Amino acid sequence: MGMMDKLKQMVKGHEDQVDKAVDKAGDAVDDRTRGKYGSQVDSAQEKIKDEFGEDGGRQGPPR
């Protein structure tokens, strides 16, 4: 079993908490960098939420 599979098992049932944590971490990075990397942070947040968040594991084309 790969690392991603293990992480998905760990967060299963807690997707809403993952979304909140990702938002909070992204906001902290934006604050520390004064928004210098805002677009990169937003992109990373979306990818993490797609993989592990409430919409994680859904079928269909990526957004």
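Can you name every one of the helices (runs of 4 or more DSSP H) wholly within the chain that holds 3 or more residues which are at pLDDT 90 or above?
In the chain, 15-33, 38-52 are the helices (runs of 4 or more DSSP H) which contain 3 or more residues that are at pLDDT 90 or above.
Yes/no per residue for (1) exposed (fewer than 15 other Cβ atoms within 10 Å of the Cβ); (2) polar (S, T, N, Q):
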residue: ASP5; (1), (2): yes, no
residue: MET10; (1), (2): yes, no
residue: GLN17; (1), (2): yes, yes
residue: VAL22; (1), (2): no, no
residue: GLY26; (1), (2): no, no
residue: VAL29; (1), (2): no, no
residue: ARG32; (1), (2): yes, no
residue: SER39; (1), (2): yes, yes
residue: ALA44; (1), (2): no, no
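The values are calculated or read from the model by the stated rules, or taken from the named source; none is laboratory data. Bear in mind that the values here come from a model prediction, so they are computed numbers and not experimental data. A quick note on method: Cβ atoms are made from the backbone with ideal geometry, for glycine too, and the neighbour counts reach across all protein chains shown.
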